[in-house]
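Structure, as structure tokens:
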Ligand SMILES: NC(=O)c1ccc[n+]([C@@H]2O[C@H](COP(=O)([O-])OP(=O)(O)OC[C@H]3O[C@@H](n4cnc5c(N)ncnc54)[C@H](OP(=O)(O)O)[C@@H]3O)[C@@H](O)[C@H]2O)c1
């Protein structure tokens, strides 16, 4: 059972904001040591202070690293830490017509959302198999369950994360290494502002998303979709509507 045990160490990518930041706070409360990665130094400092305020007994390290850059260098930097759980959370999207988007941003998005997640999963899967314990939470999205025009690259990176995680879950379960895919729907973070996307729908709170995710991980679930309407979307779209129908509908409405 990959329960988050007191005194274990968790590496969180994208811990400087939103879902990753909330993981840091809720895991600090549970007595986990934290290694938090992000790019924004001020925000990382803030998260450091808050986690220490929540639990002064834990050890907290903050690492400023751009995960769209050299991941081998990043792994070299962190390989001496003894890590028990990895949360591959860093990621971003870009809303708009595919051909109007910035190709450099697509390139970075693929590097962060897919490449960094895959290379870190590879490195830590081997470590966790050796230890015969540990696990990884990969943050995908409801947007990864169906074709999503105007969010073409982002949705596709999250489809990868979903399939990657479920496949790896099946391979590693016999080693007592647990992989869980967290697939949130719209959640109240800085994501939309950064994705250049307006949102008029109700957003889930990060607290609820992360609270549910930690419980699901501790119960050994391979997939956690927070919120009833997101779960419903997942089941309806996968079981009732064709991809062709959904793609045409969303091209007009999303
Ligand atoms: N919010 C939603 O509705 C929603 C829904 C489904 C899935 N998700 C997924 O949830 C995850 C977290 O996003 P969020 O909603 O919490 O958004 P957020 O508030 O914008 O947080 C994104 C985090 O990712 C980090 N990050 C982005 N690019 C990075 C890079 N190149 N190198 C290192 N860190 C990088 C950011 O660090 P800096 O700020 O320091 O750059 C930040 O800590 C993402 O994978 C996102 O795709 C979000």
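The values are calculated or read from the model by the stated rules, or taken from the named source; none is laboratory data. The structure presented is a predicted model; accordingly, all values stated were derived computationally and were not measured. Counting neighbours? That spans all protein chains shown, and the Cβs are built from the backbone with ideal geometry, glycine included.
Observations
- Being over 18 Å from the mean Cα position of the chain (by Cα) and under 22 Å from residue 94 (Cα atoms) is true of residue 233.
- Considering only residues in segment 171-185 that are more than 11 Å from the chain's Cα centre (by Cα) and in contact (Cβ under 8 Å) with a residue 24 or more places away in the chain, the one that is farthest from residue 122 (Cα to Cα) turns out to be 185.
- Scan of segment 124-148 for residues that are surrounded by fewer than 18 Cβ atoms within 10 Å (Cβ to Cβ) and assigned to a helix (DSSP H, G or I), ordered by number: 126, 127, 129, 130, 131
- Residue check for residue 108: within 16 Å of the ligand (Cβ to nearest atom), in contact (Cβ under 8 Å) with a residue 40 or more places away in the chain, in a helix (DSSP H, G or I) and under 28 Å from residue 176 (Cβ atoms): no
- Of everything listed in (1) within 16 Å of the ligand (Cβ to nearest atom); (2) surrounded by 13 or more Cβ atoms within 10 Å (Cβ to Cβ); (3) more than 21 Å from residue 134 (Cα to Cα), the single unmet condition for residue 42 is (2).
- Top-ranked residue of segment 47-60 - restricted to ones that are out of contact with any helix residue (DSSP H, G or I) (no Cβ under 7 Å at 6 or more places or on another chain) and loosely packed, with under 15 Cβ neighbours inside 10 Å, ranked as nearest to residue 121 (Cα to Cα): 59
- Of the residues making up segment 121-164, those that are more than 12 Å from the ligand (Cβ to nearest atom), under 20 Å from residue 22 (Cβ atoms) and within 13 Å of the chain's Cα centre (by Cα) number 1.
- Residue match in segment 78-92 (condition: closer than 18 Å to residue 124 by Cα, touching a residue at least 24 places away in the same chain (Cβ under 8 Å) and part of a helix (DSSP H, G or I)): yes
- Segment 1-29, subset modelled with pLDDT of 95 or more and out of contact with any helix residue (DSSP H, G or I) (no Cβ under 8 Å at 6 or more places or on another chain), residue surrounded by the most Cβ atoms within 10 Å (Cβ to Cβ): 20
- Considering segment 74-100, the residues that are buried (at least 18 other Cβ atoms within 10 Å of the Cβ) and away from the ligand (no atom under 16 Å from the Cβ) include one that is farthest from residue 3 (Cα to Cα), namely 83.
- Identity of the residue in segment 165-177, in contact with a helix residue (DSSP H, G or I) (Cβ under 7 Å, 6 or more places away or on another chain) and surrounded by 19 or more Cβ atoms within 10 Å (Cβ to Cβ), that ends up nearest to residue 89 (Cα to Cα): 168
- In segment 207-228, the residues that are in a helix (DSSP H, G or I) and loosely packed, with under 15 Cβ neighbours inside 10 Å: 207, 211, 215, 228
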